Amino acid sequence: MCAEDRARRHFVDLFDISSEEAHALLARAVVLKAGGHEPRRTTPLLGRSLGLVFEKPSLRTRVSFEAAFARLGGSSIFLRGKDVGIGVRESVADFARVISQYVDALAVRTFAHATIEELARHATIPIVNALSDDAHPCQAMADMMTILEIKNRLEGVRLCFVGDGNNVARSLAVASALLGVEFVLACPPGYEFPEEFATRFAARFPGVPLQTTHDPKKAAEGADAVYTDVWASMGQESEADHRREIFAPYQVDEDLMARARPDAVFLHCLPAHRGEEVASGVLDGPQSQVIPQAANRMYFQMALLEWLVGGSGIAS
């Protein structure tokens with residue numbers, strides 16, 4: 001892939017990358033974390049700038065992106081979504097064309113996935129999905145990095161996600177298919193993956209089952225990793241009470257973890273609600289890897305930004 005083509009590459013959804021690219025990005029992230037990058041000596045993104053437009057609150061996503069770009073020698077500019085007013089104050093197309101003149105890449109944390117897709121159509125810089133209601137690709141890839149570090153493999157690993165078929169679960173399912181992980185979703189009836197997602201998944205990964213069950217105990221049997229997320233995501237606050245009632249049998253507690261493999265790990269993208277989707281004894285227990293998991297957001301995003309902005313050949 002030539003530099004001109006790579007400059008127009010985006011990271012909107014994991015459906016858009018190949019298995020080879022996914023493996024290469026993870027391999028590079030592992031090298032960066034192991035000390036293969038010395039920021040005071042190697043500055044591949046020196047003089048480059050990353051724009052961040054966030055319409056949702058953030059801790060890990062914002063700080064991990066800013067820290068990742070700084071470690072690569074660049075600087076970041078943070079803009080609150082309500083100040084920018086994408087699609088309100090001015091059209092998405094106009095914003096994309098203008099911001100492309102100021103920064104070298106743009107990470108967007110928003111509600112509507114269509115906003116990120118439209119930005120990618122009109123921008124001349126890489127657009128990175130830092131979270132949308134449909135997908136959370138950076139989170140899922142950092143999660144795969146965490147599993148790889150602990151298990152020393154991904155092929156054949158069984159990952160059980162207990163909860164809603166939300167953006168995190170969808171990106172984890174796609175990442176699993178790209179990397180040879182066996183993925184299963186355990187959710188209440190009516191909270192499965194959307195039909196549109198299931199159709200796209202089947203077309204992209206023929207022969208890979210999109211496993212779903214309503215029995216969390218069955219899903220956890222033999223799992224190498226058990227993952228959960230909050231029951232009501234941002235934008236679903238009005239459903240919170242109803243969801244607590246529906247999802248109550250799907251709490252990841254000590255009994256559920258006992259059904260997984262003895263060396264299974266617990267994962268959560270955070271922030272967590274102790275006593276709701278996860279018991280405190282699990283979140284704070286010896287199987288929990290949520291803190292290293294959060295740290296890996298920065299290292300994966302370093303590899304991603306190095307590729308998208310710096311033009312590295314790690315995943316050509």
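Within the listed set 171, 238, 288, the Gaussian network model of the chain (springs between alpha-carbon atoms below 10 Å) gives the highest mean-square fluctuation for 238. Accessible surface of residue 148, taken over heavy atoms with a 1.4 Å probe and every protein chain present, rounds to 50 Å².
What does the helix-only formula give at 222 nm for the chain: each DSSP H stretch with n ≥ 4 adding -39500 (n - 2.57), the total divided by the residues, and the result rounded to the nearest 500 deg cm²/dmol? Let's see the in-between values first.
On the way: 14 runs with 132 residues, N = 316.
Helix-only estimate at 222 nm: -12000 deg cm²/dmol.
Each Lys and Arg adds +1 at its Cβ and each Asp and Glu adds -1 at its Cβ; summed about the Cα centre, the chain shows a dipole of about 1060 debye. Using Cβ point charges alone (K and R +1, D and E -1), the dipole size of segment 77-200 about the Cα centre works out to roughly 240 debye. Per-residue SASA remark: residue 218, around 140 Å² accessible (1.4 Å probe; ligands, DNA and RNA not included).
Percent relative contact order of segment 165-316, based on C-alpha pairs within less than 8 angstrom and at least six residues apart? Once normalised by length, the contact order is 19 percent.
Placing unit charges on the Cβ atoms of the charged side chains and taking the dipole of segment 201-316 about its Cα centre, the candidate lying farthest along the positive direction among 280, 231, 293 is 293. Most tightly packed first, judged by the mean number of other beta-carbon atoms within 10 Å of their residues, the peptides 107-118, 125-136 read 125-136, 107-118.
Spatial offset of segment 64-119 relative to segment 150-184 amounts to 28 Å, using the alpha carbon center of each. Taking θ as phi - 60° and the Karplus parameters 6.51, -1.76 and 1.60, the scalar couplings of segment 290-306 work out to 5, 6, x, 4, 5, 4, 5, 4, 5, 5, 5, 5, 4, 5, 5, 5, 4 Hz in sequence order, x denoting glycine and proline.
By the gyration tensor of its Cα atoms, with a ≥ b ≥ c the square roots of the eigenvalues, what is the shape of segment 133-231: rounded for a/c under 1.5, prolate for a/b over b/c, or oblate? Could the numbers behind the result be given before it?
Values: a/c = 1.39, a/b = 1.18, b/c = 1.18.
The shape class here is rounded.
Anisotropy class assigned to the chain is prolate, per the alpha carbon gyration tensor with a/c at or over the 1.5 cut-off and a/b larger than b/c.
The values are calculated or read from the model by the stated rules, or taken from the named source; none is laboratory data. Keep in mind that what you see is a predicted model, and the values were worked out from it rather than measured. Positions of Cβ are backbone-derived with ideal geometry, glycine not excepted, and every protein chain shown enters the neighbour counts. With ligands, DNA and RNA removed, areas are computed over all heavy atoms of the protein, side chains included. Shrake-Rupley method; radii C 1.70, N 1.55, O 1.52, S 1.80 Å.
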